[in-house]
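Everything on this sheet refers to the single structure shown next.
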Amino acid sequence: MARTDTEVVRKGVTEQKVVTIDYMGTGDYETISEAIEAVEPSTKIMVLRGTYYENLRIDKPGITIEGEPGVKLVVSDGDAVVFNSNIGYLRNIEITRGCMDGIKDHGVNIKRGIITIESCVISDCFDAAIAVHSGASAYVHKCNLRRPCGVLQSLAYPLPRCSSSSTTK
């Protein structure tokens, strides 16, 4: 895939527009958040290698966020990624944060819809790596969940606390 061009790819019977993100300025956008805000539903956001310091909120259906090897999303507070759409995809992204006591945030917070999380690493002191609200679904494949509590399936109950030795693979 060309690193500087926006292109259209064939995905089943639907066309999926692809945009690139590069914090160095060679992509279509410099931040993932900027791309999420600007693109149409069902767009693939291809993130080029690097570290991105931002929180993501996806409200548009069919958005795919996929990283090249070496993409890291670092957050300082709040949920790292919030999905509030009927369908979405997150692939090949490392999500991390600095450890702080008493945190009630999540690596990926799925508020509704069917979300696929594949080949991601989620680590460092989230209350849960992945939180799935009532009525939402998550397909988690080939992910490494380090030090957070793992997957929290319903937010109707109090959140469990993690110890620094909790590990889920």
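Name the pairs whose Cβ atoms lie under 6 Å apart, with the first residue in the stretch 120-135 and part of a loop (DSSP other than H, G, I, E, B), the second of a type in the set (S, T, N, Q) and buried (at least 19 other Cβ atoms within 10 Å of the Cβ), and 6 or more positions between them or separate chains?
Asp124/Thr96
Looking at the stretch 69-107, which of the residues that are more than 30 Å from Glu15 (Cα to Cα), assigned to a strand (DSSP E or B) and in contact with an Asp or Glu (Cβ under 6 Å, 6 or more places away or on another chain) is modelled with the lowest pLDDT?
Arg97
Counting only residues that are assigned to a loop (DSSP other than H, G, I, E, B) and without any contact (Cβ under 8 Å) to a residue 24 or more places away in the chain, which one in the stretch 42-63 is nearest to Val18 (Cα to Cα)? Give the derivation first.
Restricting attention to the stretch 42-63, the residues satisfying the condition of being assigned to a loop (DSSP other than H, G, I, E, B) are 42-43, 48-49, 54-55, 59-62.
From the residues that got through so far, the ones that are without any contact (Cβ under 8 Å) to a residue 24 or more places away in the chain too are 49, 54.
On the way: Arg49: 16, Glu54: 21 Å.
Of everything passing the filter in the stretch 42-63, Arg49 is nearest to Val18 (Cα to Cα).
What residue, among those in the stretch 22-36 that are charged (D, E, K, R) and surrounded by fewer than 17 Cβ atoms within 10 Å (Cβ to Cβ), is farthest from the chain's Cα centre (by Cα)? Can you show your working first?
The initial filter retains those residues of the stretch 22-36 that are charged (D, E, K, R), namely 22, 28, 30, 34.
Applying the additional criterion that residues be surrounded by fewer than 17 Cβ atoms within 10 Å (Cβ to Cβ) yields 30, 34.
On the way: Glu30: 17, Glu34: 15 Å.
My answer is Glu30.
Would you point out the residue of the stretch 128-146, among those that are touching a strand residue (DSSP E or B) at 6+ places or on another chain (Cβ under 9 Å) and of a type in the set (S, T, N, Q), that is nearest to Glu94 (Cα to Cα)? Even if it seems obvious, please write down each step before you answer.
First, the residues of the stretch 128-146 that are touching a strand residue (DSSP E or B) at 6+ places or on another chain (Cβ under 9 Å): 128-133, 135-146.
With the extra rule that they be of a type in the set (S, T, N, Q), the set shrinks to 137, 144.
Numbers: Ser137: 21, Asn144: 9 Å.
Out of the qualifying residues, it is Asn144.
Which of the following residues is more than 14 Å from Ile130 (Cβ to Cβ) and surrounded by fewer than 17 Cβ atoms within 10 Å (Cβ to Cβ): Val47, Val74, Val39, Val19? Before the answer, list the steps.
Working: Val47 fails: surrounded by fewer than 17 Cβ atoms within 10 Å (Cβ to Cβ); Val39 fails: surrounded by fewer than 17 Cβ atoms within 10 Å (Cβ to Cβ); Val19 fails: surrounded by fewer than 17 Cβ atoms within 10 Å (Cβ to Cβ).
From the options Val47, Val74, Val39, Val19, the qualifying one is Val74.
Being assigned to a strand (DSSP E or B) and at pLDDT below 95 narrows it down to one of Glu66, Glu15, so name that one. I'd like the intermediate steps shown before the answer.
Working: Glu66 fails: at pLDDT below 95.
Answer to the check: Glu15.
If only one of Val39, Val47 is more than 17 Å from Ser123 (Cβ to Cβ) and touching a helix residue (DSSP H, G or I) at 6+ places or on another chain (Cβ under 9 Å), which one is it? Working first, answer last.
Values: Val39 fails: touching a helix residue (DSSP H, G or I) at 6+ places or on another chain (Cβ under 9 Å).
Answer to the check: Val47.
The values are calculated or read from the model by the stated rules, or taken from the named source; none is laboratory data. For clarity, every value in this text was computed on a predicted model and none was experimentally measured. Glycine gets a Cβ as well: all are built from the backbone with ideal geometry, and neighbour counts include every protein chain shown.
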